[in-house]
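Since the structure comes first, as C-alpha cells, the remarks are kept for the end.
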Amino acid sequence: MAALPVILIYDVGKTNKKILLFNEEYKVVFEKSQPFAETKDEDGFPCEDLQQLTAWLNESLAMVLADNRFHVKAINFSGYGASFVYLNAAGETFLPLYNYLKPFPEALKHLFYSSYGGESLVAKQTASPVLGSLNSGMQLYRLKYEQPGNFEKITQALHLPQYLSYVLEGGLHAEITSIGCHTNLWNFQDQQYHPWVKQEGLDLKFPPIRQSAAIGSTTDDGIKIGIGLHDSSAALIPYLASFSEPFILLSTGTWCISLNPFNHSLLTDYELQHDCLCYLSYQGNPVKASRLFAGFEHEEQVKRLAAHYNVATDYYKTVKAEAAWISKLIPRAGKMQNLTGDVMKGSSHFENRSLDDFLTYEEAYHYLIADIMAQQVISTSIVLRGTTVKRIFVDGGFSQNPIYMHLLSESFPDIEVFAATVPQSSALGAALAIHTEWNSKSLPSEIIGLKLYSTMQQG
C-alpha cells in the first residue's frame, strides 16, 4: 500500500505539545499530545524547558519519518505568543524561554513608557495594551537593563514558532503574526517596527521578516519546512480561507476573544480600556480583537453552583435551554450593548448574586450565562463597530452551550450566529498557510462545520 501524503504540524501550547498529521483533504490522520513539566528561570519563576522541547521536536520528527504509513511532504508550526528564544554567536540557546506571566518591574515599565511618549500613545501605536511580560518586546527591554552582559551576547531573538522552525531547518526568520501579537514591537500605523525598537538596538537582534506562507527550506528528501505562525492567528486561517464576506470569530475558552479581521481601524483609548488589541493576520492585515475572561469565570462559578446545589461540577452540561428563561433573559443581555464603564471590569454581576434567590440549579445557571452574555455583547460590539459583519462564528467551549448560543443569537438579531466546529484549528491553520507548497488539490469546501442559531424554535 502506498504511503499517505501528509503534512506534519507541531502545535506547541503552553500546557500541551502536539504533533498532528493532516492528509490532503485536511483530515487529522494521526495525533499525539503530551504535557511537559516546567523548569525554572534564574529567579525561580516557572518557564518552558527548552532542552526538553528541542529534544521532543527532533524525536517526534524521527518517529514520523520512520512510519512507513505516511509520506511527509511538508512541516509547519503553530506556537503560543509572547515568547522569545535567544541564540548566541554559536547559534545555541543560552537563556531561559521566560514565562509571559512573570511579573514585570514597575520601575522599568515607568522608564520605558516615560521615554517613548506614555502608555496611551505607545499602546495605540503598537496595538498592545500595557501587559508587562505579555508584551514580548518588553522581555528584551528588561534583559537589556537587568542583564546587559547577556543582552550583548544575544545574536538572534526568535519568537517561539520561528525557533521551532529553526530547530528543524536551521534558518533564521521573523514572521508577521508573531511580531503582531501584542508585542509592543510593531507600529501598526507605519507597518514597521516601532522607533523604540531601533533606538534600543533590538532591531539588530531580529532576522529578516518573511511572509507567513514562506518556506524556510526544503530537505534533501523534498520536505518543505515552513517558518511557523502564532497560534491564535493561525486559528483564524480556516475561516479566512472559507469565507470572503465579513465575519467575527468569537473564540471561546478560558478567554473569549472576539476577532474581526475586517476591522482595520486603529485602536482608541476607549478600546484599550476595554481590553482590546490588534493581531496581524497571516496576510499582514490588522485584526481587531477584544478579550473577556468569561471562560475562567464560568469555570469558577459552576464550582460554586455545584457546591451550593450538591451536584457534580459538570452538571451544567445536562441543563437544557428553556424557552421561557431565554425569553425572560434576552433583554438583560441585549440591553447591555449600550452600557459602558465598569461593566467590563473583572467578573460579571453573577458573583454578587445570592444563590438562595434561585429555586433550582437550572434557573441559577441560566442567570449565570445571561450575566456573562451581558459582558460578551459589549466585548463583541466593540470590534463590530464600523463594519458590515453579517455572521458571527463561535468556536471553542461555549459553542457547545445552547443557552449561551441562543442568548448570543438573540442579542444580535441582525446577524447570523453559528456554532462552528474546526478540529485543531491552530494546527489546521498552520497547514493551510502553506497549502500551495505541498498540496496540489483544491481546498475542501467543508473544512468548518456550522450550526445556525437564529430563534429558540430552531434549537
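The values are calculated or read from the model by the stated rules, or taken from the named source; none is laboratory data. If you're wondering where the values come from, they're calculated on a predicted model, not measured in any experiment. Note that each Cβ is placed from the backbone with ideal geometry, even for glycine, and that neighbours are counted across all protein chains shown.
If the Cβ limit is 8 Å and pairs must be 6+ apart or interchain, which residue in the range 143-172 that is acidic (Asp, Glu) pairs with which residue that is surrounded by fewer than 19 Cβ atoms within 10 Å (Cβ to Cβ)?
Cβ pairs passing all conditions: GLU146/PRO105; GLU146/LEU108; GLU169/SER217; GLU169/THR219.
Among (1) within 15 Å of ASP371 (Cα to Cα); (2) exposed (fewer than 13 other Cβ atoms within 10 Å of the Cβ), which single condition is THR318 missing?
With (1) within 15 Å of ASP371 (Cα to Cα); (2) exposed (fewer than 13 other Cβ atoms within 10 Å of the Cβ) applied to THR318, the lone miss is (1).
Taking the range 187-203 on its own, how many of its residues are outside any loop (DSSP other than H, G, I, E, B) and surrounded by 19 or more Cβ atoms within 10 Å (Cβ to Cβ)? Show your work before the answer.
Restricting attention to the range 187-203, the residues satisfying the condition of being outside any loop (DSSP other than H, G, I, E, B) are 187, 192-193, 195-199, 202-203.
Checking which are surrounded by 19 or more Cβ atoms within 10 Å (Cβ to Cβ) leaves us with 193, 196-197, 202.
The total comes to 4.
Can you tell me which condition THR387 does not meet? The list is (1) modelled with pLDDT of 95 or more; (2) more than 21 Å from the chain's Cα centre (by Cα), and all the others hold.
(1)
Given (1) closer than 30 Å to GLU437 by Cα; (2) surrounded by fewer than 16 Cβ atoms within 10 Å (Cβ to Cβ), identify the lone condition not met by PRO103.
(1) is the only condition that PRO103 fails.
Does VAL85 fit the bill of being surrounded by 14 or more Cβ atoms within 10 Å (Cβ to Cβ), out of contact with any Ser or Thr (no Cβ under 7 Å at 6 or more places or on another chain) and assigned by TED's automatic domain parsing to the domain that holds GLY180?
In short, no.
Does THR126 satisfy the criteria of being touching a residue at least 40 places away in the same chain (Cβ under 8 Å) and within 19 Å of the chain's Cα centre (by Cα)? Spell out how you get there, then give the answer.
Working: touching a residue at least 40 places away in the same chain (Cβ under 8 Å): yes; within 19 Å of the chain's Cα centre (by Cα): yes.
Against the criterion (touching a residue at least 40 places away in the same chain (Cβ under 8 Å) and within 19 Å of the chain's Cα centre (by Cα)), THR126 qualifies.
Considering only the range 3-26, state which residues are loosely packed, with under 12 Cβ neighbours inside 10 Å and either closer than 29 Å to ARG142 by Cα or without any contact (Cβ under 8 Å) to a residue 12 or more places away in the chain (or both).
THR15, ASN16
Test SER347 against the criterion of being in a helix (DSSP H, G or I), closer than 30 Å to PRO261 by Cβ, at pLDDT below 95 and hydroxyl-bearing (Ser, Thr, Tyr), and give yes or no.
The answer is no for SER347.
Please work out if HIS366 is touching a helix residue (DSSP H, G or I) at 6+ places or on another chain (Cβ under 8 Å), farther than 29 Å from ALA127 by Cα, surrounded by fewer than 24 Cβ atoms within 10 Å (Cβ to Cβ) and in the same structural domain as TRP325 (by TED's automatic domain parsing). Can you show your working first?
On the way: touching a helix residue (DSSP H, G or I) at 6+ places or on another chain (Cβ under 8 Å): yes; farther than 29 Å from ALA127 by Cα: yes; surrounded by fewer than 24 Cβ atoms within 10 Å (Cβ to Cβ): yes; in the same structural domain as TRP325 (by TED's automatic domain parsing): yes.
So HIS366 passes the test.
I'm trying to understand the selection: among the residues of the range 132-186, which are part of a helix (DSSP H, G or I) and within 15 Å of the chain's Cα centre (by Cα)?
LEU134, SER136, LEU160, PRO161, ILE176, THR177, SER178, ILE179
Give me the pairs: first residue in the range 360-379 and more than 17 Å from LYS320 (Cα to Cα), second residue surrounded by fewer than 23 Cβ atoms within 10 Å (Cβ to Cβ) and small (Gly, Ala, Ser), beta-carbon distance under 8 Å, and six or more apart or on different chains, which are they?
What qualifies is VAL377/GLY334.
So TYR239 ticks every box in (1) touching an Asp or Glu at 6+ places or on another chain (Cβ under 8 Å); (2) surrounded by 15 or more Cβ atoms within 10 Å (Cβ to Cβ) but one. Which box is left unticked?
Among (1) touching an Asp or Glu at 6+ places or on another chain (Cβ under 8 Å); (2) surrounded by 15 or more Cβ atoms within 10 Å (Cβ to Cβ), TYR239 violates only (1).
Show me the strands (runs of 3 or more DSSP E) found entirely inside the range 218-310 where at least 1 residues are polar (S, T, N, Q) and at positive phi.
It comes to none.
Run down LEU443, LEU428, LEU432, LEU452 and say which single residue is within 21 Å of ALA234 (Cβ to Cβ), surrounded by fewer than 17 Cβ atoms within 10 Å (Cβ to Cβ) and of a type outside the set (Gly, Ala, Ser).
Going through LEU443, LEU428, LEU432, LEU452 in turn, the sole match is LEU443.
Farther than 26 Å from HIS173 by Cβ, in the same structural domain as VAL383 (by TED's automatic domain parsing) and crowded, with 24+ Cβ neighbours inside 10 Å: which single residue out of SER244, SER258 fits that description?
SER258
Can you pull out every residue in the range 1-57 that is farther than 20 Å from THR93 by Cα and hydroxyl-bearing (Ser, Thr, Tyr)?
THR15, TYR26, SER33
Being of a type in the set (Asp, Glu) and modelled with pLDDT of 95 or more is the filter here, so list the residues in the range 186-236 that pass it.
Those that are of a type in the set (Asp, Glu) and modelled with pLDDT of 95 or more: GLU200, ASP203.
Out of LEU236, LEU250, which single residue is closer than 17 Å to ASN263 by Cα, hydrophobic (A, V, I, L, M, F, W, C) and touching a Pro at 6+ places or on another chain (Cβ under 8 Å)?
Being closer than 17 Å to ASN263 by Cα, hydrophobic (A, V, I, L, M, F, W, C) and touching a Pro at 6+ places or on another chain (Cβ under 8 Å) holds for just one of LEU236, LEU250, which is LEU236.
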